[in-house]
Amino acid sequence: MFKTLVLVIRVIWTVVVVGTATVIGALLGFGSHGWIGAIGFGTAGFGVGALFAACPELLVEVLAGL
C-alpha cells in the first residue's frame, strides 16, 4: 500500500512539474518569437521540467535563489 502511494505521488509530481515547465516555456516562446519560439522554448521547458522532476532538490535550490 505504501509503495503504491509513493508511486502515485511521484507520477503526479512528474506530470505537474514537466507540464508546468513546458507550458511556461511555450508561453514565453510564443510571446517573444511566435510559434517557432513556442515550440523551441516548450521543448526546452520539457527538458528542464524533466530535470526538476528527477531531482526535486535542484528545484528547491533554484527557487531559494530567487
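The values are calculated or read from the model by the stated rules, or taken from the named source; none is laboratory data. All of these numbers come straight from a predicted model, not from anything done at the bench. Surface accessibility is based on the protein's heavy atoms, side chains included, excluding ligands, DNA and RNA. Shrake-Rupley method; radii C 1.70, N 1.55, O 1.52, S 1.80 Å.
Across the accessible surface of the chain, with the other protein chains kept in place and a 1.4 Å probe, carbon and sulfur atoms take up 81 percent. Mean sequence separation of contacting Cα pairs (under 8 Å, at least six apart), scaled by the length of the chain, corresponds to a relative contact order of 31 percent.
Converting phi to 3J(HN,Hα) with the Karplus coefficients 6.51, -1.76 and 1.60 and the offset θ = phi - 60°, segment 52-66 yields 5, 5, 6, 9, x, 4, 5, 4, 5, 5, 5, 5, 5, x, 6 Hz in sequence order, with x at every glycine or proline. With all protein chains kept in place, the per residue accessible area of the chain amounts to 76 square angstrom at a probe of 1.4 angstrom. The alpha carbon radius of gyration of the chain, expressed as a multiple of 2.2 N^0.38 Å, is 1.29. Computed 3J(HN,Hα) for segment 42-51, one whole-Hz value per residue from the Karplus formula 6.51 cos²θ - 1.76 cosθ + 1.60 where θ = phi - 60°, is x, 5, 5, x, 4, x, 5, x, 5, 5, glycine and proline marked x.
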